[in-house]
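Take a look at the structure set out below.
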Amino acid sequence: MPAAAKFIDLVFVPHQMRALLGDDLDELAAKATHSIDEAIDLLSRGGWLNGWE
């Protein structure tokens, strides 16, 4: 699985599911930056981003 697909699975899919289940969209948007940062950190630590620096 490419790093981009893994990133989508880590960030976008959970937010989409929460939105579909009725979570507050403003709250989800406010948490998006944190989720992105966490996903990048996780992918980086897992070696998924080697060569992307």
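The values are calculated or read from the model by the stated rules, or taken from the named source; none is laboratory data. Predicted model only: the values in this text are computed from it and were never measured. Because the Cβ atoms are built from the backbone with ideal geometry, glycine has one as well, and the counts that use them run over all protein chains shown.
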Do we have ASP26 as part of a helix (DSSP H, G or I), within 14 Å of the chain's Cα centre (by Cα) and charged (D, E, K, R) here? no
Tell me which residues, restricted to region 29-53, are part of a helix (DSSP H, G or I) and of a type in the set (Asp, Glu). ASP37, GLU38, ASP41
Let me confirm something: among TRP52, TRP48, which residue is aromatic (Phe, Trp, Tyr), at pLDDT below 95 and surrounded by 11 or more Cβ atoms within 10 Å (Cβ to Cβ)? TRP48
Near pairs, Cβ below 8 angstrom, 6+ apart or cross-chain, from region 2-27 (touching a residue at least 24 places away in the same chain (Cβ under 8 Å)) to any residue that is surrounded by 12 or more Cβ atoms within 10 Å (Cβ to Cβ) and polar (S, T, N, Q): LEU10/SER35; VAL11/SER35
